[in-house]
Amino acid sequence: MPTKFVAYVNEAGTIKISIYDASSQFVTSLTPITTTGPGRYEVLWDGRNRQGEIVGAGLLLSRASKATARCIRKKQFRRVVAVK
């Protein structure tokens, strides 16, 4: 079952989400979310790493960054994801 990432934004831009394992090693990047204005946006992750292999069970971290026409904001949102 895919993992759903949800973003609530107040302006147009692009949101990039990267996934890391518990030791902060890069696992994969999700398809960027292009927002057209305020609202709720979502992207699904199939549980695969950048080589296309299924990631083992464990705790993972996500990092989100947002770029708008006015500036690039690199805020880190650390969220624990349980993968089965």
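The values are calculated or read from the model by the stated rules, or taken from the named source; none is laboratory data. Since we're looking at a predicted model, the values are computed, not measured. Glycine also receives a Cβ, built like all others from the backbone with ideal geometry; neighbour counts cover every protein chain displayed.
Summed over segment 43-80, residues that are more than 15 Å from Glu11 (Cα to Cα), modelled with pLDDT under 90 and part of a strand (DSSP E or B) total 9. Quick check on my filter: what residues within segment 39-57 are hydrophobic (A, V, I, L, M, F, W, C) and under 14 Å from the mean Cα position of the chain (by Cα)? Of everything in segment 39-57, those that are hydrophobic (A, V, I, L, M, F, W, C) and under 14 Å from the mean Cα position of the chain (by Cα) turn out to be Val43, Leu44, Trp45. The set of residues in segment 22-48 that are loosely packed, with under 14 Cβ neighbours inside 10 Å, under 15 Å from Ala64 (Cα atoms) and among the β-branched types (Val, Ile, Thr) comprises Thr31, Thr34. Once segment 15-34 is narrowed to residues that are farther than 11 Å from Arg63 by Cα and part of a loop (DSSP other than H, G, I, E, B), the residue that is modelled with the lowest pLDDT is Ala22. When Val83 is tested against (1) surrounded by fewer than 10 Cβ atoms within 10 Å (Cβ to Cβ); (2) over 14 Å from the mean Cα position of the chain (by Cα); (3) of a type outside the set (Ser, Thr, Tyr); (4) at pLDDT below 90, exactly one condition is not met: (1).
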